[in-house]
Amino acid sequence: MKFKKLKLILPLTAFLGFALFALKQDFQDKNKLILQVIMEGVENLHYTNVEVNNDFSEKIFDLYLERLDYNKRFFIKEDIDQFEKYRFSLDEQIKSYDLSFFQLTKETYLKRVLKVEKYYTNALKKPFSFTENEEIELDPEKMKFAENEKQLAENWRLFMKYLVLEKLYDKVKIQEQKLKSKDSVYVEKSMEELEIESRKDIKKTYDDWFHRISKIDENDLVSLYFNAIVSFYDPHTQYFPPKDKEDFDIRMSGKLEGIGAQLTQPNAYIKVSKIIPGSPCWKQGELKEGDLILKVAQGTGEPVDVVDMRLDEAIKMIRGKKGTEVRLTVKKPDGTIKIIPIIRDIVILEETFAKSIIINSENGKKYGFIFLPEFYADFNDRNGRQCGDDVKKEIEKLNKEKVDGIIFDLRNNGGGSLSDAIEIVGLFIDNGPVVQVRERNKTPEILKDYDAGALYNGPLVIMTNEFSASASEIMAAAIQDYKRGIIVGSNSYGKGTVQRFYPFDRMVKGYDDLKPLGDLKITTQKFYRINGGSTQLKGVLPDISLPDAYEFLDMGEKDNDFPIGWDEITKAEYKTFNPNFNIQEIRNNSQLRIKNDSTFNTVINYSNFLKDKKTDTKMSLNYEKFVNNELEREKEAKNFENINKVNFNMNLHVLKADSAIIYSDSVKTASLKNWIKDLKKDIYLNETVEIIKDMK
């Protein structure tokens, strides 16, 4: 596949052959320009060489329509038939940067949204009868597109009926509880009255939902189309519009410049959902959760009305440089209107960063517990937080406490900075290879830890689960291959690829009137363990497996659309540790504890329960049958309600080095108490402590 060439500028570390191209087309349409840069990028830089042909076209066609109307609530067969003429021609359209298929789907989608709005409002105008034996299919993969508008309206009627039935059932349960408790204030309501209330509640929910849909514009939909195209290359190659890239950078760096309020838009009004402790608005003190933002002014400038404005546009106005003032006109829950001036500052998202705690064991030993939520790094600030530096500091503090072992928690850690993952592994080994990476058509490169000596040499356990991915798997695999520690938990996610961002504004010379263009995250490398195997699809199998409630659900890399395959390469040269523990004996001890542990047995039963319910996707709309089904489901679910409520009474305390800082700050103190409370109910941590105790 060859494309007309744009003049592109890339960093020196990129493929130099992609740096300069002769410009053969003068773009006036921003989306066509973005599409060409996307296709140039994936053709030249992506790890795999994909042929854009009829097979490509057919799969992109299906994936895009699935993402555009996953629940089949908007399009009808007539629309799909109209789209079908493009099924095998999208490859030609993409090569010529033709967006006519996208334009057709966009216009049809927006037209259907307007019609569907009438379907749900009409369905909710009159009471539902729940005596008929109607039923509804809830699995989109088992559904078909409606034959015509009449059937689509009927599908919406059934869907609204199902939602009202659910709401009615909940209201009846609440009423029964209030009557049983002899609530003197509560006035009993008839089923008819409760049904009316339920319809009003659902209407309010969907009024708000359709209001948000009304704010969808062409940029949102074309991003969906572009991402369907690049998804064929692999699940992690993605186009980021400017706003999405800004949000990604904030998440990875753990900081932003703004006021520190999390906002939602349930309807026309923008609502404050959370105040971040220690942030500018928290210090100012007047903005509260539940406040509605009506206007935004830059200092003494003219206020801009943000009612009915898109949330991302309003956020753009509220965020700003450190030291500048923003004035918010807010409506309080009591109806009063107030202007609140706030000086913007750097907002630190503390929950993003590594932290540790001491676990005191009844055997007289103490263990360090390090929690790393992601492999964060501030790519735009050399002085910003890097998880490699932070983890090193945590280990240094634990060394001063003379801990007898370290438990490193990588559960739910989706990855991040590759270089930081290598650095952290280096804290536990002397030196040597950590991971191998390979670019398309190139020989593998071995990435090493070059620092002689380990910062910590004692017993080490790494905790993983099905959401531990990418950099987490690099770290877990290296520790396992070196036999440096024990991996405990469930099989990891299976993402064995490396991505890199390419900023279009720097890649494309000229076209300043069409910028900003966004960024493209491209899978440029595949990484391999030092033993030669890939973690792609297979993940990292733990040395000691613990029961997993979500074992049978589709959550790994292998369950994504178009994942890159598994393979292996030549192993690197490395010297394993000689562990002074017997892994088989420790595994046997763990299995015996799990077998005799009622909570773990409940987890196993819950896993099978979820597996069975996964295929149970049809729901009766007959009230009596619905109630019987729900009572049976609740009876079964009741057996599992205490899974996360058992308190294991672990003796946890803050590190001495952190004590003064935490206990002098009420917010940090409260956060610590909540963390300790959650850890004491963590059955997996409790068993991991027993495992590290067996390492002697």
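Over all directions, how big on average is the projection of the convex hull of the alpha-carbon atoms in the range 341-473, in square nanometres? Working shown, then result.
On the way: hull surface 47.3 nm².
With every direction weighted equally, the projected area is 11.8 nm².
Apply 1/(1 + (r/R0)^6) to the Cβ-Cβ distance of E289 and L455, taking R0 = 45 Å, and write down the FRET efficiency to the nearest 0.05.
Values: r = 41 Å, r/R0 = 0.92.
Efficiency at R0 = 45 Å is approximately 0.60.
Once you have a ≥ b ≥ c as the square roots of the Cα gyration tensor eigenvalues for the chain, tell me rounded if a/c is under 1.5, and otherwise prolate or oblate according to whether a/b is larger than b/c. Before the final figure, lay out each step's value.
Values: a/c = 1.40, a/b = 1.12, b/c = 1.25.
Judged from the Cα gyration tensor, the chain comes out rounded (a/c under 1.5).
Along the positive direction of the dipole of the chain (beta-carbon charges: Lys, Arg +1; Asp, Glu -1; about the Cα centre), which of L631, M143, I259 reaches farthest?
Result: I259, furthest along the dipole toward the positive end.
Would you mind calculating the gained length between T324 and N133 on full extension (0.36 nm times residue separation, minus the Cα-Cα distance), in nm to one decimal?
62.5 nm
Of the trypsin sites (Lys or Arg not before Pro) in the range 21-102, which ones lie in a loop per DSSP and count no more than 11 other C-beta atoms within 10 Å?
Numbers: sites: K24, K30, K32, K59, R67, K72, R73, K77, K85, R87, K95; in loops: K24, K72, R73, K85, R87.
Of the trypsin sites (Lys or Arg not before Pro), the ones in loops of the range 21-102 whose Cβ has at most 11 other Cβ atoms within 10 Å are K24, K85.
Among F577, F102, what is the fewest-to-most ranking by other Cβ atoms within 10 Å?
On the way: F577 14, F102 23.
Going from sparsest to densest Cβ surroundings: F577, F102.
Quick one: which residues, 5+ away or cross-chain, put their amide H under 5 Å from the amide H of V306? H built at 1.01 Å from N.
Under 5 Å from the amide H of V306: K295, V296.
As an exercise, use a Förster radius of 22 Å and the Cβ-Cβ distance of F379 and D312 to find the FRET efficiency, rounded to the nearest 0.05. Provide the component values of the computation, followed by the final result.
Details: r = 22 Å, r/R0 = 0.99.
About 0.50, to the nearest 0.05.
Tally Lys/Arg at +1 and Asp/Glu at -1 over every other residue whose Cβ is under 9 Å from the Cβ of Y367; what's the total?
With Lys, Arg at +1 and Asp, Glu at -1, the net is +2.
Size of the dipole of the range 438-547 about the Cα centre, Lys and Arg at +1 and Asp and Glu at -1 on the beta carbon, nothing else charged, in debye to 20?
Numbers: 15 positive and 12 negative charges, 69 e Å.
For the range 438-547, the charge dipole is close to 340 debye.
Mind checking the dipole of the range 541-635: about its Cα centre, +1 per Lys or Arg Cβ, -1 per Asp or Glu Cβ, Debye to the nearest 20?
320 debye
So what is log10(I(q)/I(0)) for the range 369-438 at q = 0.19 1/Å, when the Debye sum runs over its Cα atoms only?
-0.85
Order these by the 10 Å Cβ neighbour count, fewest first: R593, R385.
Working: R593 15, R385 19.
Sorted ascending by nearby Cβ count, the order is R593, R385.
Quick one: S598, S223, fewest Cβ neighbours within 10 Å first, how do they rank?
Listed from fewest to most nearby Cβ atoms, that is S598, S223.
Give me the distance between the Cα centres of the range 472-548 and the range 256-280, rounded to whole Å.
When both Cα centres are located, 31 Å separates them.
Would you mind getting me the FRET efficiency between T48 and L541? Use the beta-carbon distance for r and R0 = 22 Å, nearest 0.05. Intermediate results must be reported in sequence, preceding the final value.
Values: r = 25 Å, r/R0 = 1.15.
With R0 = 22 Å, the Cβ-Cβ based efficiency is 0.30.
Could you give the length gained on full extension between K611 and V185, defined as 0.36 nm per residue of separation minus the Cα-Cα distance, in nm? Kindly include the intermediate steps, with their values, before the conclusion.
Details: separation 426, 0.36 × 426 = 153.36 nm, distance 4.30 nm.
Gain in length upon complete extension: 149.1 nm.
At 222 nm, what value in deg cm²/dmol follows for the chain if DSSP H runs of at least 4 each add -39500 (n - 2.57) and the sum is divided by all its residues, to the nearest 500?
Numbers: 21 runs with 282 residues, N = 696.
Per the formula, -13000 deg cm²/dmol.
Give the shape of the range 51-232 as rounded, prolate or oblate, defined through the alpha-carbon gyration tensor: a ≥ b ≥ c are the square roots of its eigenvalues, a/c under 1.5 means rounded, and otherwise the shape is prolate if a/b is larger than b/c and oblate if not. Could the numbers behind the result be given before it?
On the way: a/c = 2.92, a/b = 2.66, b/c = 1.10.
Verdict is prolate for the range 51-232.
In the chain, if the dipole is taken from +1 on Lys/Arg beta carbons and -1 on Asp/Glu beta carbons about the Cα centre, which of Q436, V272, S620 is farthest to the positive end?
V272
Hey, rough spin-label estimate for I216 and N647, points 7 angstrom out along Cα→Cβ, what's it come to in nanometres?
4.7 nm
Which percent of the Cα-Cα distances in the range 255-348 go past 18 Å?
Values: 1587 of 4371 pairs.
Percent of Cα pairs beyond 18 Å in the range 255-348: 36.
Test of the criteria: in the range 442-499, which trypsin sites (Lys or Arg not before Pro) are in a DSSP loop and have at most 16 other Cβ atoms within 10 angstrom of their Cβ?
On the way: sites: K442, K448, K483, R484, K495; in loops: K442, K483, R484, K495.
Those that pass, being in a loop and sparsely packed, are K442, K483.
Expressed in whole Å with the largest first, what are the equivalent ellipsoid semi-axes of the range 498-573 derived from the C-alpha gyration tensor as the square root of 5 times each eigenvalue?
Numbers: eigenvalues 263, 72, 19 Å².
In descending order the semi-axes read 36, 19, 10 Å.
Classify the range 500-656: rounded, prolate or oblate, from the alpha-carbon gyration tensor (a ≥ b ≥ c, eigenvalue square roots; a/c under 1.5 rounded; otherwise prolate if a/b is larger than b/c)? Kindly include the intermediate steps, with their values, before the conclusion.
Working: a/c = 2.17, a/b = 1.24, b/c = 1.75.
Here the range 500-656 falls in the oblate category.
May I ask you to list the trypsin sites (Lys or Arg not before Pro) in the range 242-291 that are in a DSSP loop and have at most 13 other Cβ atoms within 10 Å of their Cβ?
none
Radius of gyration and Dmax for the range 595-696's Cα atoms, expressed in Å?
Gyration radius and largest Cα-Cα distance of the range 595-696: 20.2, 62 Å.
Report the local net charge at G556: Lys and Arg +1, Asp and Glu -1, summed over other residues whose C-beta lies under 12 Å from its C-beta. Could the numbers behind the result be given before it?
Details: positive: K495, K538, K558; negative: E466, E473, D548, E551, D554, E557, D559.
Around G556, the surrounding residues sum to -4.
Using a 10 Å Cβ count of at most 12 others and DSSP loop calls, identify the longest part of the chain lacking such GluC sites (Glu not before Pro). Please report the intermediate quantities before stating the final value.
Working: sites that count: E51, E132, E147, E188, E289, E362, E573, E641.
Longest gap between qualifying sites, sites excluded: 363-572.
Hey, if you put +1 on the Cβ of every Lys and Arg and -1 on every Asp and Glu Cβ in the range 51-232, which of F130, S190, I76 ends up farthest toward the positive end of that dipole?
Of the listed residues, the answer is S190.
Please compute the contact order of the range 32-138 in relative form: average sequence separation of alpha-carbon pairs under 8 Å and at least six residues apart, divided by the residue count, as a percent.
Values: 45 pairs, mean separation 33.5, N = 107.
After rounding, I find 31 percent.
With only Lys, Arg, Asp and Glu charged, each at its Cβ (+1 for the first two, -1 for the last two), find how big the charge dipole of the chain is about the Cα centre; round to the nearest 20 debye. List each step's numbers first, then the result.
Details: 108 positive and 114 negative charges, 254 e Å.
Rounded to the nearest 20 debye, it is 1220 debye.
Straight distance only, please: which lysines reach the Cα of K125 with their own Cα at less than 21 Å, same-chain residues fewer than 8 apart left out?
K115, K150, K161, K167, K171, K189, K200, K203, K204
Going by Cα centres, the range 50-113 and the range 591-651 are how many Å apart?
Centre-to-centre (Cα) distance: 41 Å.
Using alpha carbons only, how many angstrom separate the centre of the range 133-149 from the centre of the range 667-695?
45 Å
Once fully extended, how much extra length lies between K681 and D505, figured as 0.36 nm per residue of separation less the alpha-carbon to alpha-carbon distance? Could you put the intermediate results ahead of the total?
Numbers: separation 176, 0.36 × 176 = 63.36 nm, distance 4.84 nm.
So the extension gain works out to 58.5 nm.
Throughout, read-outs are computed from the coordinates displayed, never taken from laboratory work. Since this is a predicted model, take the numbers as computed values, not measurements. Heads up, the Cβs are rebuilt from the backbone with ideal geometry, glycines too, and the neighbour counts pull from every protein chain shown.
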